[in-house]
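Below: the structure, in C-alpha cells.
The values are calculated or read from the model by the stated rules, or taken from the named source; none is laboratory data. Only a predicted model underlies this, so the values are computations on that prediction, with no experimental measurement involved. Because the Cβ atoms are built from the backbone with ideal geometry, glycine has one as well, and the counts that use them run over all protein chains shown. The area values use the complete protein model at the heavy-atom level, side chains included, leaving out ligands, DNA and RNA. Shrake-Rupley method; radii C 1.70, N 1.55, O 1.52, S 1.80 Å.
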Amino acid sequence: MSFIIPRTVRTLMVMRFLELRQSLRRLRRQPVFALCVTAVLALAIGANTAMFALVNGILLRPLPFADPDRLITFTIVRPGTDRQPLSLLDVGDFKESNRTLDGIVSMFGWSANVTGGGEAERLSGMRVSADYFAVTGAPVALGRPLREDDEQRAVALLSHGTWQRRFGGASDAVGKSIVLNGETFTIVGVLRPDFVTLVRDADIVVPYSPATDVRRSNRAQGFLRVIARLKPGVSLAQAADDLSAIGRRLRDEHPDSHGSDTAVRVVALHEDVSGRSAAMLWMLLGAVALVLLVACANIANLLLVRGTAYRRELAVRAALGASRGRIVTQLLTETTMLGVFGGALGLLIARALMGTLIATGPANLPRVAEVGIDLRVALFTLIVSLGTSVLVGIVPALQAARRDLRDALQQGERGSSGGGNRLRGVLVFAEVALSTVLLMTAALLARSFQHVQSVDPGFRPSHVLTVRLSLPRARYGNRAAIENFYDQLQPRIASLSGVRAVAAGNVVPMNGYLATAGFYVDGVIAKDAPAAHYRMISPDYFRTLGIALRRGRAFDATDRSDSAPVAIINETLARQFFDGRDPLGARMRLDDGQKTPREVQIVGIVGDVRHFGLEREATIEVYVPIAQVPDPTTIWLANNMYWVVQTDGAPLGAAQAVRREIGAVDPAVPASFVRSMDQWMEGTLAARRFNLQLVGAFAAVALLLAAVGVYAVSAFAVTSRTKEIGIRVALGASRRDVIGLMLRGGLSPAAAGLAAGTAVGILSAPAMSGLLFGVTPRDLASLVLTVATLASAALVANVLPAHRAAKVDPIVALRID
C-alpha cells in the first residue's frame, strides 16, 4: 500500500501537468481570444478588488483602538438634528449617573496658528479630555499619549502628516516646542497614520481643562463630542436604555436648555466614523459585482461558441477513452488559467484604481489612510478569480463534454445543438437582466443629482472668494480688538482691483460649521424648537453673498456697540415662531453669551440659506452685527472668522492679493481654507457626483457587454442556421420573413431578461432610498429611460445579424454539408 499511494499521486501530478501544458498550447493557438478574455476579466476583477479595498479599509477593518467593539458615541436628538453636542455640565451628569460605561471622554474641534520657525500656518486639530487615550486605548507612533495629569500642561501630539511635513519625520521632534496661538507647547508624541476620531483632519491634539473652560457653567452651550467604553458584558441596547433615561431626566430638570430634547442617539463608534459612506460604498460594491457577473455571462457565451468550434476534437478524445470528468477538468483548467491571469493583472489594475477612487471621491471619506492591498483584499481577489473561472467555465465545459459522439463526428465544426442555443439564450437573459438593474440604478442616481442641482441654495456662489482667519487670542481677546482688525483690513481688501464687495462672518454657507444660540419670543423660549443658528456678520454680508433681503433693512455702519441692539431673522424663523404676526419691529431675546439673555429688535427678514447642504432643509437662523456681539462670544468669532470677497473675475485670482493685505495688517494671522464658493458648493455635491460617475460607468460597461453578448449570440445563430435559412428561402420565404424569424429568436431572451431585470430593479429600488433625493425609488421616468435604452441596444444588436441572414444565397446554403 505504501507503494501504491505515491505512484497514484505521481500519476495525478503528471496528468495535471499534461492538462496544464495542453491548456497552454490551446490558448497559444488562439492568442486573440485568450488576450481578450484575460483583459475583460482583469478589468472586472480589478474594479471589484479596488472597490472591496475601499470597503475593507473604511468599513470592515476594526478601528485602531483597544477592544474597539466596546466603544460607542452618543449625542442628543432635537428637532432638526440627531447629533446635538453635549455641554460640559451634560458630560459630567452622564459620567456620574450612568451604570453601563467604563469611561466617557470628550473632544471638540479646535484650530491654531503655528508661528515661529517660518511662515505662519493654520493647523486644524482638536482638544480632548486628558483621559482620552486611556479610555479609547488609541496607540501612538512615537513618544507617549496624553495622560490624565496633562490636563493643566501645555503639551501636544502631532498627527503623522504634520510630523512629516514640519519636522521631516525626525524622531527628535518629541520633546521640541511648538508655538500655537502664541502659547508654547511641548510635543510629547506623534499619532499613527491610521489615527481616527470624531473630529476629522486633526493635525494636532492637545488636552483641555474643563475646570478652566469659560463654558463650564453654561448648560445650553453644547460643543462636545463624546466617546464612551462599555463595561464588559454590556450590550449597546443596554447602554442606550441607560443613557436615554439620563437624557429624559435632564430634559425634565433643565427645561430651558433641554426642553426640546427628544432622545439620546447611541451608536457604535465604528458606525459613527463610517457615517453615510457605508450605504454609498456597499451600493458601489454591489454595482461593480453586477458588472463582473455580466462579464462572466459574456465570456461564458464566447466559450460556448468556442466549444462548438472544437467539439469534434473533444468527441474524438471521448471516443479514444477520455472520461467526461477528464474533459470537463481539461476545459476548466483553461478557464482557471485565464481567471488566474486575469486576477493577477486585476490586482495591478486595482492598485492604480484605488488612488483614482480616493482622489476623485468625496473629501470627507473616512479612514482613507487604511485603504490598501492587505491579506484580506488579496484573498478576496483570489476567491473572485477562482470563482469567476468556475462560473464562466462550468456550463460551457459540461456542454462541450456531452457524449453525443455520432452527432459531433458527423457535424464536425459546424454543428450546434439546440441545447447549446438554449444555454446561449439563458446567458443573454442573464446579461440583459443584470444590465437592467444597473442601468435603473444609474438612472435613479442621475435623476437625483439633477434634482439636487436644481435646488436654490439661497445665495449666489459665483465670483465669491472665501478666506478663513483665526486671530490669536492673546491680542484679540475682546470685541474692540476684533473690530479694530476688521476696520483695518476691510478697506484694504475693498480697494483691490476687481473687488466689488467684502464682508466678514463666523460662517459661510456649506462649510458645515455649527454655531447656535437659544432664543425667546414673547419672553418664552420657543417650545420644541432647536437653538437658532447664530450668524455674526459685518455690513455688506448679504450683498456680498447675494442673500435676498425680503423685508426691512440690512445692517450698516450705524449698528455699533453703543446703539440699540438689533437682529435679522430668516424666513423660516419668522414663519414658524411668530404665528402670522409681523416680526419687523418685534423684540426677541438671545441667549448668546451674556449672563442673562439680551433683548434685540428685529429690523429685517432675509431669505433662507441652505447652510448645511442642498439636500438639507433650511434651518432657523438669526443674524447679529459683529459690533454688538457680547464679549464672551467674540472669542469664537476670533477663532473662526470667514471673509467673503465678491470679485469681477475668477475669485481665486484675487487670493494672493487678499493674502498680502492680511499679512500687511497682521503677519501672525495666516489665511486658510482659501477657496471659492463654487468649491464649497461642489463639496456638497461630491458624494453624489462620485456615486453617479462610478455607477454610470459600471452601467455603461454592462450595457456594452450585454449588447456585444446579444450580437454575438445572434450572429452565431445566423451562422449555425445558414442551411435552414437557405431552405426557407428556397421554399418561398421573403426577406421580411427571414428578418422576422431571426429577430424573434434573438429578441426573445433579451426581452425576458429586460422584464426580469425591471422587476428586480423595482423590488430592490427601495433599498437605495437613502441615496435618492427628489425622486421615489420607483420613479417612472427612470424606468422608461432604462427600458428604452436597453430595448434599443438589444434591437440594434439583433438587426445587423438579421439583415445578414436575409442576404443568404439559398444555392450556396444548400451546398453546405
Pick from the range 366-384 the residues that are out of contact with any helix residue (DSSP H, G or I) (no Cβ under 6 Å at 6 or more places or on another chain) and in a helix (DSSP H, G or I): which of them is most open to solvent (accessible area, probe 1.4 Å)? L375
Can you name the number of the only condition in (1) farther than 29 Å from F773 by Cβ; (2) open to solvent by 10 Å² or more (accessible area, probe 1.4 Å) that V624 fails? (2)
Hey, among G458, G512, G518, which residue is at positive phi and either of a type in the set (A, V, I, L, M) or touching a strand residue (DSSP E or B) at 6+ places or on another chain (Cβ under 9 Å) (or both)? G458
Can you name the residue in the range 549-567 that is charged (D, E, K, R) and open to solvent by less than 80 Å² (accessible area, probe 1.4 Å) and, of all such residues, is farthest from S538 (Cα to Cα)? D559
Scanning the range 651-697 residue by residue, the ones that are within 30 Å of V291 (Cα to Cα) and among the small types (G, A, S) total 5
Among A378, A318, A350, which is the only one that is over 30 Å from W680 (Cβ atoms), modelled with pLDDT under 80 and not polar (S, T, N, Q)? A318
Among G757, G726, G709, the single one that is at pLDDT 90 or above and touching a helix residue (DSSP H, G or I) at 6+ places or on another chain (Cβ under 9 Å) is G757
Within the range 334-347, take every residue that is over 20 Å from A289 (Cβ atoms) and modelled with pLDDT under 85 and give me the one that is least open to solvent (accessible area, probe 1.4 Å). E334
Of all residues in the range 582-592 being free of Cβ contacts under 8 Å to residues at least 60 places away in the same chain and of a type outside the set (A, V, I, L, M), which is least open to solvent (accessible area, probe 1.4 Å)? P583
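A quick yes/no check of all residues on (1) touching a strand residue (DSSP E or B) at 6+ places or on another chain (Cβ under 7 Å); (2) part of a helix (DSSP H, G or I); (3) more than 21 Å from H533 (Cα to Cα):
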position: A557; (1), (2), (3): no, no, yes
position: S561; (1), (2), (3): no, no, yes
position: A567; (1), (2), (3): yes, no, no
position: L573; (1), (2), (3): yes, yes, no
position: Q576; (1), (2), (3): no, yes, no
position: R581; (1), (2), (3): no, no, yes
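Yes/no per residue for (1) among the β-branched types (V, I, T); (2) without any contact (Cβ under 8 Å) to a residue 40 or more places away in the chain; (3) not in a loop (DSSP other than H, G, I, E, B):
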{"position": "L471", "(1), (2), (3)": "no, no, no"}
{"position": "Y476", "(1), (2), (3)": "no, no, no"}
{"position": "D487", "(1), (2), (3)": "no, yes, yes"}
{"position": "A501", "(1), (2), (3)": "no, no, yes"}
{"position": "G518", "(1), (2), (3)": "no, no, yes"}
Any residue in the range 731-747 that's of a type in the set (A, V, I, L, M): show its pairings with residues that are open to solvent by 50 Å² or more (accessible area, probe 1.4 Å) and at pLDDT below 75 at Cβ separation under 8 Å, as long as the two are six or more apart or on different chains. V738/R728; I739/H803; L741/R728
Would it be correct to say that Q601 is buried (at least 18 other Cβ atoms within 10 Å of the Cβ) and either touching a residue at least 24 places away in the same chain (Cβ under 8 Å) or more than 36 Å from the chain's Cα centre (by Cα) (or both)? no
Scope the range 146-170; condition in a loop (DSSP other than H, G, I, E, B) and buried (at least 20 other Cβ atoms within 10 Å of the Cβ); matching residues: L146, S159
Residue among A300, A309, A268 that alone is surrounded by fewer than 20 Cβ atoms within 10 Å (Cβ to Cβ) and at pLDDT below 90: A309
Just to be sure I understand the filter: pairs with C-beta atoms under 9 Å, separated by 6 or more residues or on different chains, first member in the range 439-459 and hydroxyl-bearing (S, T, Y) and modelled with pLDDT under 95, second member surrounded by fewer than 18 Cβ atoms within 10 Å (Cβ to Cβ) and assigned to a helix (DSSP H, G or I). Which pairs pass? T441/S764
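Keeping to the range 66-83, report how many residues are within 15 Å of D261 (Cβ to Cβ) and surrounded by 22 or more Cβ atoms within 10 Å (Cβ to Cβ).
We begin by selecting, within the range 66-83, every residue within 15 Å of D261 (Cβ to Cβ); these are 74-83.
Then keep just the ones that are surrounded by 22 or more Cβ atoms within 10 Å (Cβ to Cβ); that gives 74-76.
Qualifying residue count, the range 66-83: 3.
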Go through (1) aliphatic (A, V, I, L, M); (2) closer than 30 Å to A668 by Cβ; (3) surrounded by fewer than 21 Cβ atoms within 10 Å (Cβ to Cβ) and name the single condition M641 misses. (3)
Only one of (1) closer than 30 Å to S764 by Cβ; (2) open to solvent by 30 Å² or more (accessible area, probe 1.4 Å) does not apply to S462, and that is (1)
On the basis of being open to solvent by 30 Å² or more (accessible area, probe 1.4 Å) and touching a strand residue (DSSP E or B) at 6+ places or on another chain (Cβ under 9 Å), does D608 make the cut? yes
Elements of type helices (runs of 4 or more DSSP H) in the range 628-723, at least 2 residues being closer than 27 Å to S435 by Cβ: 677-720
Filter the range 190-218 down to the residues that are open to solvent by 40 Å² or more (accessible area, probe 1.4 Å) and over 21 Å from P139 (Cβ atoms) and list them by number. P210, A211, T212, V214, R216, S217, N218
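Mind checking whether some residue in the range 120-130 is surrounded by fewer than 16 Cβ atoms within 10 Å (Cβ to Cβ) and either on the phi < 0 side of the Ramachandran plot or among the acidic types (D, E) (or both)?
Looking for residues that are surrounded by fewer than 16 Cβ atoms within 10 Å (Cβ to Cβ) and either on the phi < 0 side of the Ramachandran plot or among the acidic types (D, E) (or both), one finds none in the range 120-130, hence no.
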